């Protein structure tokens, strides 16, 4: 027998309460892809072990401490994950770029800063590897 959620939904009002936001966040965290869980956990300063399942559990525990504003940001962040990690930004349906425009963020400047940061990390890693090879 299937339970009807119609009576519950009739009583839901905007804005959503913390318990409702948590319910949505827990659902979405449970449905993140394998690679998204560690990335999101790292961004939220959750100590991640090797097992992504533990990362999910720890992330759920962490978001339980968030207030409504933080939960709203988390929900938006999770909805932007796929768009954030796509290589092509030429799509007209790019939700990340739409969000950047909506919140008046200079997307080009941000992309350049991120590219510069990745290049610096890559160069630093290459230098470390070169030092290790010369030390051996």
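Taken together, the values in this text are just the output of simple stated rules run on the coordinates, not laboratory data. In this text, all values refer to a predicted model and were calculated from it rather than measured experimentally. Because the Cβ atoms are built from the backbone with ideal geometry, glycine has one as well, and the counts that use them run over all protein chains shown.
The table below gives the values:
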| quantity | calculated |
| --- | --- |
| Rounded tilt (10° steps) of 68-84 against the dominant C-alpha axis of the chain | 60 |
| Exposure proxy ranking, count of Cβ atoms within 10 Å, fewest first, for 48, 131 | 131, 48 |
| Projected label distance in nm at residue 95 and residue 16, using a 7 Å step from Cα toward the beta-carbon | 1.3 |
| Listed residues 23, 107, 14, most fluctuating in the chain (Gaussian network, C-alpha, under 10 Å) | 14 |
| Residue of 13, 33, 79 that the Gaussian network model of the chain assigns the largest fluctuation, springs spanning Cα pairs under 10 Å | 13 |
| Potential lengthening between residue 82 and residue 8 on full extension [0.36 nm per residue; Cα-Cα distance subtracted] | 23.6 nm |
| Evaluated at q = 0.19, 0.22 Å⁻¹: base-10 log I(q)/I(0), Debye formula over Cα of the chain | -1.23, -1.31 |
| GNM result for the chain, Cα springs below 10 Å: residue of 114, 60, 95 fluctuating most strongly | 114 |
| Residue order, fewest to most beta carbons within 10 Å, for 11, 43 | 11, 43 |
